[in-house]
1. Among C165, C83, C213, which one moves the most in a GNM of the chain with springs linking Cα atoms closer than 10 Å?
2. Here are several values of Kirkwood radius over Cα pairs in Å: (1) 21.5; (2) 20.4; (3) 19.3. Which one was derived from the coordinates shown?
3. Can you give the local net charge around Y89? Use residues other than it whose beta-carbon is closer than 10 angstrom to its beta-carbon, Lys and Arg +1, Asp and Glu -1.
4. Using a 1.4 angstrom probe on heavy atoms only, work out the carbon and sulfur share of the accessible area of the chain in %.
5. Karplus couplings for segment 31-47 from phi (6.51 cos²θ - 1.76 cosθ + 1.60, θ = phi - 60°), rounded to Hz, Gly and Pro as x?
6. Between L162, G152, L134, whose Cα lies farthest towards the positive end of the dipole of segment 131-177 when Lys and Arg beta carbons carry +1 and Asp and Glu beta carbons carry -1, centred on the Cα centre?
7. How many Å² of accessible area per residue for the chain, probe 1.4 Å?
8. At 30 angstrom or more along the helix axis (alpha-carbon based) and mean Kyte-Doolittle of -1.0 or higher, what helices does the chain contain? Whole DSSP H runs only.
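The values are calculated or read from the model by the stated rules, or taken from the named source; none is laboratory data. Everything numeric here is computed off the predicted structure, so don't read it as measured data. Glycine gets a Cβ as well: all are built from the backbone with ideal geometry, and neighbour counts include every protein chain shown. Note: areas computed on protein heavy atoms with side chains; ligands, DNA, RNA excluded. Shrake-Rupley method; radii C 1.70, N 1.55, O 1.52, S 1.80 Å.
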Amino acid sequence: MDKAYARYTEKLPGEFSIKHKITEKLEVRNFHLHKQLEIVFAQTGNLKCRFESGVTDVPENGIILFNQMDLHYNFLQKDSGTCDRYVIYFSPGYISDFSTPELNLLECFLPRSDNRPVVLTVPKERWQGFTYLLNKMIAYHDAKEEEGLTPGSKKMHMKFLLGECLLLINDLSLEQYGARDSITYQNHAQIVYDIYEYVGSHYNEELSMDDVCKLFLIGKTQLYNIFKEISGMTVSEYITEYRITKAKDFLINSECSIEMISQAVGYQNVSSFSRVFKSRAGYSPIQYRKKQTI
């Protein structure tokens, strides 16, 4: 990848990151992806998020969730002053040990049937509980070793606090969006997110349904049913969709050639990549890049 994309990726967070930001401008103004999951807690009501499908408002004392497939950027309402928000990034594997078959902490990030972004309004009486957890996480995240915390205990404290925060978010999601339609969500959400994470780390390699079945010790029919029920796609469709979404990220945030990008997202044949890209995006890769950089 080129230097521009290397500089861009250097700015992206690692396994876990939390910050309290009070600014009049936002840092990223292009569509982009995160390999991590992202949660934004907006204390002011002037934050907006643009997806390719349109613009979403984030209310005062509101939460917006982004998964690994959400190509987006955030911006502020014009002349609205400062934006006060907390931002958390974390990898799905960071918190996976805390989920159980009865309760998956990442369920709130799973796509819903209408594919709309998950935006939650927090009642005023419950916002204080969120800010307490967020400020405690920041305190542990920024704590120095000389303050008496070992790296292990520091990480565990942050995981516990993040887990409690996700419990509250899942409760809000249940209240405002309703329960999932099938018990499959409770029993199999974790394996779907494990596959999401695996694809996110290996999308540039040759991937097949057989490979995924062997790795996760699951039969084809069972995997097809589980994945389709939860994600709305088959594994093969998800792999293709992820690769094309990642290619969009490269096209917008790098100066790499189309051939380099096709190889970077797992296509050895640039003609095949261009054909699949146009079928999904409605534009050729070159047309898409021009459209997004005008």
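1. C213
2. Correct label, based on the coordinates given: (2).
3. After counting each charged neighbour, the total is 0.
4. Taking all protein chains in place, the chain shows 49 percent carbon and sulfur surface.
5. Whole-Hz 3J(HN,Hα) from phi for segment 31-47: 4, 7, 10, 10, 5, 7, 7, 10, 10, 10, 9, 9, 7, 9, x, 10, 8.
6. G152
7. Result: 51 Å² of accessible area for each residue.
8. Helix filter hits for the chain: 151-177.
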